[in-house]
Amino acid sequence: MGALAGVAAGVAAGGRGADGDRDRPGTAVNSRWPTRARVATLQAYFAVLNVVVLATLGLPRHLAVLAAAGTGLAAGVPAGHALATRLPESRTRQLILLLAAAGGVTVAAQALT
């Protein structure tokens, strides 16, 4: 099942780049779009990505993973709403890029171990 997920991810990534680098999550993060447009684009992208991952890999085998995901979602939504009204556009963009970089480093570290 892992190879199938890798192929699906590669096809999806290739198809995403076929539109001339427009309307992709990377474009949304690295653009000067207003925060509301950037967040809406990222939410839609990651919602679809998560559905595809769950369809190909299935649910996590460990209950702790599901509990952590639920806890993160339950804490993250209200925290995001609270921060959205208090942070300026430039700081929001910096935080999104920081979170993206942290995620990339985490994935790279896991791949190397």
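Values for this structure:
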quantity	calculated
Hey, Arg36 in a loop (DSSP other than H, G, I, E, B) and exposed (fewer than 12 other Cβ atoms within 10 Å of the Cβ) or not	no
Total residues in the range 59-100, condition small (Gly, Ala, Ser) and at pLDDT below 85	4
Residue match in the range 91-110 (condition: within 19 Å of Thr41 (Cα to Cα), outside any helix (DSSP H, G or I) and either touching a residue at least 40 places away in the same chain (Cβ under 8 Å) or not aliphatic (A, V, I, L, M) (or both))	no
Residues within the range 80-89 that are more than 15 Å from Gln43 (Cα to Cα) and surrounded by 10 or more Cβ atoms within 10 Å (Cβ to Cβ), tallied	4
Any chance Leu87 is touching a residue at least 60 places away in the same chain (Cβ under 8 Å) and not basic (Lys, Arg)	no
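The values are calculated or read from the model by the stated rules, or taken from the named source; none is laboratory data. Everything quoted here is computed from the prediction, not taken from an experiment. With ideal geometry, Cβ positions are generated from the backbone for all residues, glycine too; neighbour counts draw on all protein chains shown.
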